[in-house]
Structures are given as structure tokens and as C-alpha cells.
Amino acid sequence: MIISDYNGVILAVKANHGGCTHDVRVWASSQLSAYMLREHENGRRNVWLIGDAYPLLPYLMTPKLNQVPGSPGALYTDCHIRARFSVERAIGVLKGRWRYLRKERALNYVPKFAAWIVNATCVLHNIAKQYNVPEDDVYREDDIEEENIDIRNNNMVARGNAVRERIIQIYFN
């Protein structure tokens with residue numbers, strides 16, 4: 001799991017799960033997930049993350065698919081996609097700088113040490129961003145098929161949908 005800002009600076013990374021672990025499981029086991037839940041429950045409700053392979057939650061916005069072109073929902077999704085692209089680009093730049101992070105390469109180390117390597121490359125990526133080191137070619141992975149995991153506990157999806165609808169009403173109507 002990698003979280004970056006709009007400029008490609010990596011804000012959080014969780015690299016201690018294997019590549020076949022579903023995104024929802026990685027998110028659910030992260031400290032950031034617990035932190036965002038606490039912040040939301042403590043009334044800080046105007047801070048959101050965006051994601052596409054994660055569950056819709058009151059603090060984690062997902063795209064709204066199959067919207068009528070030009071509708072508020074479609075405008076929201078277009079903005080979501082543009083913002084999400086910056087995260088994908090940050091990951092592509094990271095893999096472009098350190099090519100052994102690519103899918104076809106393998107970190108031939110024990111998992112814990114491999115996670116340290118990923119974390120270290122994220123730190124080096126941020127240092128390179130800070131000092132405007134030129135970026136190598138962007139590398140893009142093929143889409144990975146996701147498994148279906150039921151995350152509908154505590155009515156969080158319904159609450160997430162309500163928040164997403166409020167965002168659309170406020171910013172896209």
C-alpha cells in the first residue's frame with residue numbers, strides 16, 4: 001500500500017504483506033486505517049483519502065461508476081480519476097528509479113528484509129522529489145484482478161456512500 005500526495009511525494013507505505021495479499025486486507029491491517037477511523041469518529045470529517053481498490057468508507061472515497069456523462073456523479077468520478085493518476089504516477093516513478101521493484105523482478109530476500117528495501121526506496125524517492133532529481137521513464141503494471149472481500153461491517157459502506165454523495169452535492173452541483 002502506497003499513499004502519495006498530488007505531487008508524488010509518498011506519505012505512507014505498508015510493504016510487509018506479500019504481493020498476493022488483497023488490498024483490502026493490507027488497508028485493514030494498517031495503522032493509517034485505524035487512525036483515519038479514529039479521526040472520523042472524533043469529528044474530523046472533512047479529510048478523505050481516495051482509492052480505487054479499497055472499500056468505500058466515510059474517510060476513503062472511491063469512484064462512482066456508470067454515471068451519466070456531465071452529471072455531478074460523473075464530474076466527481078472524473079476528478080477522482082485525475083487525482084488517482086498522480087498516485088499511479090508516483091508508483092511508476094518509484095519503479096522507474098528502482099527497477100527491481102517491478103513485477104517481473106524479484107527481491108530475493110526474506111520478506112521482512114524485502115519490505116525494508118521497499119520502505120528505503122520510498123524514502124529515497126521522497127529525497128529525490130525534494131531535490132528535483134530527474135525522473136526515469138514511468139513504468140506501469142498491468143491491471144491485477146482483485147478478489148472479492150466482504151467489507152460491509154458496521155454499515156461503513158452506507159456511511160461512505162452518504163459522505164461521497166455530500167461531496168458531490170457540495171462540489172459538483
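The values are calculated or read from the model by the stated rules, or taken from the named source; none is laboratory data. None of the values given here were measured: they were computed from a predicted structure. Here the Cβ positions follow ideal geometry from the backbone for every residue, glycine too, while neighbour counts run over all protein chains shown. When the accessible area is computed, the model is the full protein with side chains, heavy atoms only, and any ligands, DNA or RNA have been set aside. Shrake-Rupley method; radii C 1.70, N 1.55, O 1.52, S 1.80 Å.
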Starting from the range 27-42, take each residue that is within 16 Å of V13 (Cβ to Cβ) and open to solvent by less than 50 Å² (accessible area, probe 1.4 Å) and list its partners that are among the basic types (K, R) and part of a helix (DSSP H, G or I), counting only C-beta distances under 6 angstrom and pairs at least six apart or across chains. none
Would you confirm whether or not the range 44-54 contains a residue that is outside any helix (DSSP H, G or I) and crowded, with 19+ Cβ neighbours inside 10 Å? yes
With (1) without any contact (Cβ under 8 Å) to a residue 40 or more places away in the chain; (2) among the aromatic types (F, W, Y); (3) within 18 Å of V163 (Cβ to Cβ); (4) assigned to a helix (DSSP H, G or I) as the list, and F113 as the residue in question, which single condition is left unmet? (3)
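Among the residues of the range 57-90, which ones are among the aliphatic types (A, V, I, L, M) and crowded, with 20+ Cβ neighbours inside 10 Å?
Filtering the range 57-90 down to residues among the aliphatic types (A, V, I, L, M) leaves 57, 60-61, 65, 68, 74-75, 81, 83, 87, 90.
Matches in the range 57-90: L57, L60, M61, V87, A90.
Residues in the range 70-77: is at least one within 14 Å of the chain's Cα centre (by Cα) and over 22 Å from P111 (Cα atoms)?
If we filter the range 70-77 for residues that are within 14 Å of the chain's Cα centre (by Cα), which is where we start, we get none.
No - not one qualifying residue is present in the range 70-77.
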